[in-house]
Amino acid sequence: MQLVAKTLFGLEEILQKELENLGAQNIKAGNRVVTFEGDKELMYRCNLWLRTAIAVLTPIAEFRFRDEKDLYRQYSKLDFSKYLTLDKTFAVKGAVHSKLFNYTQFPMLVLKDAIADQFRDKYNERPSVDTERPQVVFDVYISENNCVVSLNSSGAPLFQRGYRRNTGEAPLNEVVAAGLLYLSGWDAKSNFIDVFCGSGTLPIEAALMANGIPSNIARKGYAFQNWADYDEVLWNKIYDEAPKVPKRNLGFRIIGSDIDGDVILKARENIKTLPLGKTIEFEVKDFNDVVVPEGGGTLISNPPYGERLAEYEIGDLYQNIGNYFKRNLAGYTCWIMSSNFDALKRIELKPSKKIQLFNGSLDCDFRRFDIFKGSLVEHKYGAPMQPREPKRYKKKEE
Ligand SMILES: C[S@@+](CC[C@H](N)C(=O)[O-])C[C@H]1O[C@@H](n2cnc3c(N)ncnc32)[C@H](O)[C@@H]1O
């Protein structure tokens with residue numbers, strides 16, 4: 001059957017690789033989606049294993065329509081009783097890119113009405129809508145006059161992994177975190193550090209990868225479990241086969257640190273729901289004081305951007321990050337994700353790679369800085385840089 005995995009801007013190729021590894025066929029990456037073919041077993045596996053997908057869909061109809069009325073007519077031709085029964089709740093989600101609609105939620109409301117009307121006509125009753133925890137989720141994708149209606153096999157988005165009970169103020173989306181780890185080229189066999197780890201999203205996703213445990217191992221439930229054709233035996237087999245025990249000795253370290261003791265407490269609470277044992281070392285520390293293990297590795301952090309956590313002298317913070325890299329991170333590949341492009345320049349190291357990504361609606365750069373062993377780091381304008389002592393950040397005057 002035809003399947004579609006939705007993702008975020010910039011993660012399409014990564015998701016394509018994940019799908020190749022799961023044995024998907026005819027894989028094609030598009031804009032925030034990857035289409036592929038596979039059977040029910042693959043669909044179940046994708047929901048459990050894909051780290052960079054938001055949802056896995058199965059298209060049920062594709063058609064062209066002239067206007068709003070025609071859209072309703074086309075929707076009404078579908079037999080919704082194949083996918084939904086009166087005792088199940090449902091929701092309609094989707095994305096609309098069409099000049100035909102001023103209000104982009106409208107095509108989703110029209111589908112909701114078409115479903116309700118069809119049930120009322122047939123059974124004198126209609127299933128209830130539940131936008132919070134729907135049992136059956138329909139997805140609408142409209143591009144100009146073309147409409148694809150799909151069933152969303154995931155239900156709640158796949159970044160809702162089930163392990164995050166507590167967060168800091170600006171937590172990273174779990175799918176973005178997994179995407180950053182893959183994009184960085186971290187091999188999951190060497191040291192991984194995040195010195196602004198907040199509630200721990202990056203170290204947690206890293207530890208799951210390093211132990212070969214699916215990111216969704218702690219998630220409770222998927223929409224496909226409410227479908228009429230749900231194969232519980234097959235799902236249990238797939239779930240039971242997945243590794244759930246951490247490796248005894250990874251042979252390298254995964255460290256998450258943050259200056260805020262409360263968020264580190266939250267991070268420690270979060271990992272309790274996961275089979276990660278002592279894989280992650282969480283520390284309460286100013287990043288300037290974090291001592292990284294010898295032998296090199298990868299550092300990925302998303303420091304404050306100055307948007308949501310406005311109390312810092314943000315430029316000074318980024319200058320300190322650059323100095324910290326030069327002083328302490330020889331042999332490491334360091335990556336910073338930020339939407340604050342002015343502050344990023346204050347790192348004063350020439351990035352060897354820049355990748356455009358979004359953190360929610362914020363346009364961000366994910367920049368790589370290679371810190372070489374035994375040599376002074378070159379300033380971006382050519383002059384060698386002497387590592388400087390940290391300039392502690394100042395809180396802004398109230
Ligand atoms: C954007 S948040 C990181 C969110 C994190 N990636 C997550 O998923 O929860 C930035 C974090 O930087 C921390 N921070 C700010 N200044 C710091 C400093 N000087 N040293 C270490 N951490 C700092 C904040 O406490 C905050 O948790």
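The values are calculated or read from the model by the stated rules, or taken from the named source; none is laboratory data. The structure displayed is predicted, hence computed values, not measured ones. Every residue, glycine among them, receives a Cβ derived from its backbone with ideal geometry; neighbour counts consider all protein chains shown. Surface accessibility is based on the protein's heavy atoms, side chains included, excluding ligands, DNA and RNA. Shrake-Rupley method; radii C 1.70, N 1.55, O 1.52, S 1.80 Å.
Here are some notes:
- In plain terms, if you count all Cα to Cα distances in segment 24-156 and split them into 5 Å steps from zero, the share in each step is 2, 10, 19, 23, 19, 16, 9, 3, 0 percent.
- Computed 3J(HN,Hα) for segment 25-30, one whole-Hz value per residue from the Karplus formula 6.51 cos²θ - 1.76 cosθ + 1.60 where θ = phi - 60°, is 10, 6, 7, 9, 8, x, glycine and proline marked x.
- Dipole orientation for segment 2-152: of the candidates L3, V129, F106, F106 has the Cα lying most toward the positive pole (charges on Cβ; Lys, Arg +1; Asp, Glu -1).
- Cα-based helix-to-principal-axis angle, 40-49 vs the chain, degrees rounded to 10: 30 degrees
- Against the chain, whose longest principal axis comes from its Cα atoms, helix 201-210 is set at around 80 degrees.
- Computed about the Cα centre, the dipole magnitude for the chain is approximately 540 debye when only Lys and Arg (+1) and Asp and Glu (-1) carry charge, each at its Cβ.
- Taking the Cα centre of segment 2-152 as reference, the dipole from Cβ charges on Lys and Arg (+1) and Asp and Glu (-1) amounts to some 120 debye.
- Accessible area (Å², 1.4 Å probe, nearest 10) - E313: 60 Å²
- Cα-based helix-to-principal-axis angle, 314-328 vs the chain, degrees rounded to 10: 60 degrees
- Each residue, A61 and F341, gets one label point 7 Å from its Cα in the Cβ direction; the gap between the two is 4.4 nm.
- The dipole here belongs to segment 208-338: it is taken about the Cα centre, uses +1 on the Cβ of Lys and Arg and -1 on the Cβ of Asp and Glu, and is about 500 debye.
- Length gained on full extension, H97 to V129, computed as 0.36 nm times the residue gap minus the Cα-Cα distance: 9.1 nm.
- Remark: segment 288-299, residue by residue, has Karplus-estimated 3J(HN,Hα) of 4, 9, 7, 9, 8, x, 6, x, x, x, 10, 10 Hz, where x stands for each Gly or Pro and the curve is 6.51 cos²θ - 1.76 cosθ + 1.60 at θ = phi - 60°.
- Per-residue HN-Hα couplings for segment 182-195 [Karplus 6.51, -1.76, 1.60; θ = phi - 60°; Hz; x = Gly/Pro]: 5, 4, 5, x, 4, 8, 6, 10, 9, 3, 10, 10, 10, 8
- For segment 1-110, applying the loop criterion from DSSP together with a ceiling of 12 other beta carbons within 10 Å to the chymotrypsin sites (Phe, Trp or Tyr not before Pro) yields F9, Y103.
- The trypsin sites (Lys or Arg not before Pro) of segment 2-95 that DSSP puts in a loop, and whose beta carbon has at most 12 other beta carbons within 10 Å, are R66, K77.
- Taking all protein chains into account, the per residue accessible area for the chain stands at 47 Å² (1.4 Å probe).
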